[in-house]
1. Students often forget the sequence filter, so: which lysines lie under 23 Å Cα-Cα from residue 44 once same-chain residues fewer than 8 apart are removed?
2. Specify the residue with the greatest mean-square fluctuation among 43, 56, 28, computed from a Gaussian network of the chain linking alpha-carbon atoms under 10 Å apart.
3. Report the full-extension gain for the segment residue 33 to residue 9: residue separation times 0.36 nm, less the Cα-Cα distance, to one decimal in nm.
4. How much net charge surrounds residue 26 when only other residues with a Cβ under 10 Å from its Cβ are counted (Lys, Arg +1; Asp, Glu -1)?
5. Cα axis of helix 2-32 to longest principal axis of the chain: angle in degrees, 0 to 90, nearest 10?
6. If you count only protein heavy atoms with a 1.4 Å probe, what accessible area per residue comes out for the chain, rounded to a whole Å²?
7. Where the centre of each part is set by its Cα atoms, how far does the stretch 1-36 sit from the stretch 39-80, in angstrom?
8. Which one, (1) 20, 28, 20, 15, 9, 6, 2, 0; (2) 17, 46, 30, 7, 0; (3) 19, 39, 22, 15, 4, gives P(r) over Cα pairs in 10 Å bins from 0, in percent as derived from the coordinates shown?
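The values are calculated or read from the model by the stated rules, or taken from the named source; none is laboratory data. The shown structure was predicted, so the numbers you read here are calculated from the model rather than taken from an experiment. As a convention, Cβ positions derive from the backbone with ideal geometry for all residues, glycine included, and neighbour counts pool all protein chains shown. Heads up: the accessible areas ignore ligands, DNA and RNA and are worked out on the full protein's heavy atoms, side chains in. Shrake-Rupley method; radii C 1.70, N 1.55, O 1.52, S 1.80 Å.
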Amino acid sequence: MMEQGLFWTEKVLLLAGLLFIITGIVQYGRRSQDWKGVVTMFYKRVPMSVEEYKRYRLGVALVIFAIVLRFALHIFWPQF
């Protein structure tokens, strides 16, 4: 039962993280009209507003937490 809950929690965290990342990227693109900057966002700094940055970083944190949870699931419940 607990494995099932953690499995679905991982999926929800991953999807929420991706949605937050996409939201931050789209907000930046709409505000700046620099859609080329959206591509460079992953390897260079771009001038993001506070709200865009918060959403983007929250999304990255949720995705990382989902990955850590995935490793924990495979370590503690390898048959799952």
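1. Of all the lysines, those that pass the test against residue 44 - Cα under 23 Å, at least 8 places apart if same chain - are 36, 54.
2. Taking springs between Cα atoms under 10 Å, the residue moving most is 43.
3. Values: separation 24, 0.36 × 24 = 8.64 nm, distance 3.52 nm.
Contour length minus the Cα-Cα distance gives 5.1 nm.
4. Working: positive: 30, 31, 55; negative: 52.
Neighbourhood net charge equals +2.
5. Between helix and principal axis, roughly 0 degrees.
6. On the way: 5900 Å² over 80 residues.
Value for the chain: 74 Å² per residue.
7. 8
8. Comparing each candidate, only (3) matches the computed number.
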